[in-house]
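Coordinate-derived values only; no laboratory data. What you see is a predicted model; the values in this text were computed from it and never measured. Glycine also receives a Cβ, built like all others from the backbone with ideal geometry; neighbour counts cover every protein chain displayed.
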């Protein structure tokens, strides 16, 4: 199915802009898209950096199932405002999930995560037998 945008004299394009938060403060359009990641590999570890501004530790879940590392988040916001005799309550739920298949060289027992300045950093150590250590060659 293809979505086609049509210009209509009855519903002009500028009307679409009215239904965005920038133009109309009554419209709340907060969407949480899939955050971008950087993946690095060094001689001793893999590192995943995930952009997570505004997310708190309680909102983020990191799970390892077999060889799949899944990073997910769910944000729940409740807003209550009392105006005169009326109470207005709005719920806002957003979530995302990213999954990564770990290579054979990853040590599944040595995975650490920390959050710094809005970036979630996950470090996955490599197995000891995979890490290339310098070897001294004996002269005979």
Once both label points are put 7 Å beyond Cα along the C-beta direction, the residue 128-residue 57 separation in nm becomes 3.0
If you rank 65, 59, 112 by fewest surrounding Cβ atoms within 10 Å, what's the result? 65, 112, 59
